[in-house]
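Asker: The structure is given below, and queries will be raised subsequently.
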Amino acid sequence: MERLQLDTDIKFLSGVGTAKAESLSKELNINTFEDLVYYFPYKYIDRSRFYTTAEIHSDEVAVQLKGVISNFRKQGAKYKEHLNAWFSDSTGRIELVWFKSIDWIQKSIVPGKEYIIFGKPSFYQGWSIAHPEIIDPLKAEKNLLTPLFPQYSTNETLKNSKLNSRAIQTLQQNLWSKVTSPFPETLPQYIIQKYNLMPLTDALRNIHFPKDEETLAKARFRLKFEELFYIQLNILSIKADKNQKSIGFVFNKVGDIFNTFYNNHLPFSLTNAQKRVIKEIRADFLTGRQCNRLLQGDVGSGKTLVALLSMLIALDNGFQACLMAPTEILATQHYATIVELLGDMPVNVALLTGSTSAKNRRAIHEHLQDGSLNILIGTHALIEDDVKFKNLGLAIIDEQHRFGVAQRAKLYKKNITPPHIIVMTATPIPRTLSMTLYGDLDVSIIDEMPPGRKPVKTMHSFDSKRLMVFKFMRDRIAEGHQIYVVYPLIEESKNLDYKDLTDGYESICRAFPPPQYAVSVVHGRMKPEEKDKAMQLFVKGITHIMVATTVIEVGVNVPNATTMVIESAEKFGLSALHQLRGRVGRGGDQSYCILMTDYKLSADAKKRIDIMCKTTDGFVISEEDLKMRGPGDMDGTQQSGTPMQLRIADLARDGQILMAARNAASDLLSIDPQLADPKHFMIKTRQNKIFSKEQNWSRIS
Ligand code: ADP
Ligand code: MG
């Protein structure tokens with residue numbers, strides 16, 4: 001028999017036709033048989049299990065019930081009309097509701113007859129199910145094809161074209177009934193054997209029609225492995241390609257500048273992690289290729305010093321260096337820190353931001369070009385076209401996730417030979433995610449805090465306990481410490497947030513009146529000079545409390561500030577909370593973080609707060625974040641240029657499969673870097689097919 005052609009247009013599948021084909025194409029990007037085969041269920045429901053109405057206790061899982069429907073009631077007028085009915089079994093009764101097709105439903109259901117219903121309960125003055133699936137038990141045998149009932153995601157538009165999850169399942173059935181011989185394999189036999197993978201066609205069939213849990217697990221493993229394998233293969237070949245082509249400056253000297261600083265100016269000894277990372281960077285500088293390194297280190301782990309030491313190596317080799325930060329406050333602070341650390345050393349450092357005067361700007365331009373300026377620190381003003389270096393050897397980008405890909409690319413073009421690039425991020429990224437997002441960058445991790453740091457004690461407090469929190473704040477101030485009070489700033493509700501902030505500021509000023517107390521405020525509506533002034537008062541310890549929106553989220557360093565009060569903490573994501581908390585705990589004193597929330601909290605918000613109270617480890621927090629939100633919503637991934645919509649693999653859970661797939665890809669490339677061997681032709685074709693659609697895939701640098 002002839003093999004089913006996977007590239008057949010979907011409209012030729014029985015049950016599809018032109019109209020449905022159009023919806024499938026538009027909404028789900030399903031154009032061919034193959035696309036449908038690769039449209040996987042997002043979950044399975046165990047339809048062998050029946051619940052009783054008395055057992056319903058959560059709105060999270062859909063339930064299957066057996067019982068009778070009675071007591072139909074039409075309610076509401078005209079377009080608000082809906083239909084209610086009772087559903088009862090021997091243990092009790094719930095409500096059923098329909099908003100659409102009311103007449104048809106009422107006509108087709110026989111009151112008093114036994115039905116199987118299936119749907120997601122919700123609670124409002126009792127449990128109810130809206131638009132349940134209704135099955136005649138006499139026909140159930142035919143409907144319940146498999147105990148593991150696949151659920152396909154659809155949307156309103158699709159449902160309106162009669163393409164709900166059930167309908168997609170029927171299409172899968174129509175297609176699979178024609179599959180008589182296996183599809184061509186997409187992985188070579190030796191990989192299938194080595195990793196004990198299920199053959200492709202079996203895996204695909206079982207993902208749609210699982211025989212049992214165990215077979216489903218094997219099918220999933222195979223398909224996840226394959227998905228991750230091709231992603232890793234692509235990243236690793238881009239990396240290999242880049243390594244081969246890229247030329248970079250060689251910095252082979254560690255000279256006077258570095259050594260003088262290291263021996264005479266370093267205020268403390270480096271942590272082992274800092275030492276290791278500097279070694280890794282040094283090694284990059286010697287290869288003759290461009291260094292592209294991602295430096296991850298939790299807030300407060302001492303990345304600035306690593307940045308400075310790396311820049312000094314560039315200087316020792318006759319090059320200039322720059323350090324770019326996402327905000328003016330942060331750039332200014334980096335500048336101040338570095339100038340202070342360098343002391344009387346003969347190194348010229350300048351600061352360039354949006355508010356640098358025209359006169360200073362001209363001087364900076366001039367000194368950059370004649371080479372007398374060694375280190376330039378600034379905001380994105382640094383990458384404007386009129387900023388030209390004589391010989392930029394190293395560019396460091398701090399808090400990378402604030403910069404888009406395009407901005408980074410601009411920096412690479414500052415020279416004919418691209419400068420070495422180090423990207424520093426304080427948002428720890430789970431390893432699985434960084435391997436997928438930044439697989440073509442080398443990664444260094446500072447996984448050790450400077451000695452003497454005490455973990456920040458974190459507490460949750462409801463708004464109603466505000467007076468106790470004020471008392472706590474007064475006690476800290478009496479001990480000579482300073483305090484941050486932070487309000488959320490969410491773009492959509494800017495005006496509201498601004499009101500929260502100003503109300504909050506006023507109430508804090510009332511609770512902490514002068515002359516005993518002084519309060520600073522910083523928010524997005526202030527001019528840069530005003531912000532800076534307020535910030536400086538706090539940095540110098542003149543004000544006790546800094547009330548702010550999240551503008552202080554990134555980077556500022558005030559070791560004497562030991563308490564962080566976060567208002568409406570439920571509105572912040574985990575990574576924002578972690579970043580904010582990182583503003584305290586920077587000195588040797590015990591620090592505190594108080595998360596204020598409303599009494600009512602969503603389940604997710606509650607979980608975030610719990611995680612924050614339980615751990616201060618940025619990696620643990622980012623793993624949790626990934627689990628809760630999925631990779632597409634993590635900070636930084638949107639700008640990454642990498643599609644994070646995986647079909648089946650889950651970066652939060654499939655770390656081990658990812659490692660296996662990466663090893664397989666890396667082994668393959670080490671024997672056949674160009675995939676030129678005829679036995680790898682199939683892999684090469686598949687790779688081209690997957691990645692040609694997405695031109696910019698993984699072009700991080
Ligand atoms: P981040 O990684 O968040 O940018 P910073 O570079 O701002 O962290 O460093 C945080 C604080 O730790 C600074 O006050 C810095 O001076 C201090 N620090 C950095 N390295 C060390 C070290 N090896 N020993 C002691 N303190 C250090
Ligand atoms: Mg920093």
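The values are calculated or read from the model by the stated rules, or taken from the named source; none is laboratory data. Please read all numbers here as calculations on a predicted model, not as lab measurements. Positions of Cβ are backbone-derived with ideal geometry, glycine not excepted, and every protein chain shown enters the neighbour counts. Heavy atoms of the whole protein, side chains included, go into the accessibility calculation; ligands, DNA and RNA do not. Shrake-Rupley method; radii C 1.70, N 1.55, O 1.52, S 1.80 Å.
Asker: Relative to the present Cα-Cα distance, how much length would full extension add between Ser108 and Lys600 at 0.36 nm per residue of separation? Walk me through the numbers before you get to the answer.
Answerer: Numbers: separation 492, 0.36 × 492 = 177.12 nm, distance 4.21 nm.
Taking Ser108 through Lys600 to full extension adds about 172.9 nm, to one decimal.
Asker: May I ask you to derive the FRET efficiency for Glu506 and His680 from their Cβ-Cβ distance with R0 = 45 Å, giving the value to the nearest 0.05?
Answerer: On the way: r = 69 Å, r/R0 = 1.53.
Working from the Cβ atoms, E equals 0.05.
Asker: For the pair Phe123/Lys689, report the inter-label distance in nm, with labels modelled 7 Å from Cα in the Cβ direction.
Answerer: 4.9
Asker: Sticking with this one: Would you mind computing, in nm to one decimal, how far apart the modelled labels at Ser58 and Glu22 are, each placed 7 Å from Cα along Cα→Cβ?
Answerer: Taking the simple label geometry, Ser58 and Glu22 are separated by 4.2 nm.
Asker: Going highest first, how would you order 540-547, 600-607, 561-568, 246-253 by mean Cβ packing within 10 Å? Walk me through the intermediate numbers first.
Answerer: Details: 540-547: 19.1, 600-607: 12.2, 561-568: 23.6, 246-253: 16.4.
Descending packing order for the listed peptides: 561-568, 540-547, 246-253, 600-607.
Asker: A further question follows. What is the distance in Å between the Cα centroid of segment 34-92 and that of segment 174-227?
Answerer: Using only Cα atoms to place each centre, the spacing works out to 32 Å.
Asker: Full-extension gain between Asp202 and Met345, please, as 0.36 nm times their residue separation minus the C-alpha to C-alpha distance. Don't jump to the answer; show the numbers that get you there.
Answerer: Numbers: separation 143, 0.36 × 143 = 51.48 nm, distance 6.87 nm.
Answer, rounded to one decimal: 44.6 nm.
Asker: Give the lysines whose C-alpha is closer than 18 Å to that of Lys454, dropping any in the same chain fewer than 8 places away, or say none.
Answerer: Within reach: Lys614.
Asker: I want to make sure I understand the PRE zone here: with the label point 7 angstrom from the Cα of Ala518 toward its beta carbon, which residues in segment 438-480 have backbone N atoms less than 17 Å away?
Answerer: Only 477-480 fall inside the zone, counting backbone N under 17 Å.
Asker: Let me ask something else. Between Phe462 and Thr615, what's the calculated FRET efficiency when r is the beta-carbon distance and R0 is 22 Å? Round to 0.05. Please list the in-between numbers first.
Answerer: Details: r = 22 Å, r/R0 = 0.98.
Result of the calculation: an efficiency of 0.55.
Asker: In the chain, what % of DSSP beta bridges are antiparallel (nearest 5)?
Answerer: Details: 30 of 85 bridges.
Percentage antiparallel, nearest 5: 35.
Asker: Let me ask something else. What lysines could a cross-link reach from Lys527, if we take a straight Cα to Cα line under 22 Å and drop same-chain neighbours fewer than 8 places away?
Answerer: Lys359, Lys494, Lys499, Lys540
Asker: Averaging the inverse of every distinct alpha carbon separation and then flipping it gives the Kirkwood radius. What is it for the chain, in angstrom units? All intermediate terms of the calculation are to be shown ahead of the outcome.
Answerer: Details: mean 1/r = 0.0339 Å⁻¹.
That comes to 29.5 Å for the chain.
Asker: How do 25-34, 369-378 rank on mean C-beta neighbours within 10 Å, highest first? Can you show the working numbers first?
Answerer: Numbers: 25-34: 16.6, 369-378: 19.4.
Going by the mean number of other Cβ atoms within 10 Å, highest first, we get 369-378, 25-34.
Asker: Right, here's the next one. By per-residue mean of other Cβ atoms within 10 Å, what is the highest-first order of 166-179, 74-87?
Answerer: On the way: 166-179: 16.6, 74-87: 12.8.
Most protected by this proxy first, the peptides run 166-179, 74-87.
Asker: Follow-up. Between Thr287 and Glu384, what is the spin-label point distance in nm, taking each point 7 Å from the Cα along the Cα→C-beta axis?
Answerer: 3.5
Asker: Exceeding 24 Å between C-alpha atoms, which entries from my cross-link table qualify? They are Lys571/Lys607; Lys253/Lys279; Lys26/Lys571. Show your work: numbers first, answer last.
Answerer: Numbers: Lys571/Lys607 12 Å; Lys253/Lys279 13 Å; Lys26/Lys571 34 Å.
Beyond 24 Å between Cα atoms: Lys26/Lys571.
Asker: Additional query: Pop out the carbon and sulfur fraction of the accessible area of segment 256-446 as a percent, whole number, probe 1.4 Å. Walk me through the numbers on the way to the answer.
Answerer: Details: 3490 of 6940 Å².
C and S fraction of accessible area: 50 percent.
Asker: Continuing with this model, one more query. If you consider only alpha-carbon coordinates, what radius of gyration and Dmax does segment 457-615 have, in Å?
Answerer: Gyration radius and largest Cα-Cα distance of segment 457-615: 14.6, 43 Å.
Asker: Hey, can you find the accessible area per residue of the chain for me, probe 1.4 Å, expressed in square angstrom? Each step should come with its number before you reach the end.
Answerer: Values: 33240 Å² over 701 residues.
With all protein chains present, the chain gives 47 Å² per residue.
Asker: A further question follows. Roughly speaking, what is the stretch gain from Ile542 to Asn272, that is 0.36 nm per residue apart minus the C-alpha to C-alpha distance, in nm to one decimal? Walk me through the intermediate numbers first.
Answerer: Working: separation 270, 0.36 × 270 = 97.20 nm, distance 3.57 nm.
My answer for the length gained is 93.6 nm.
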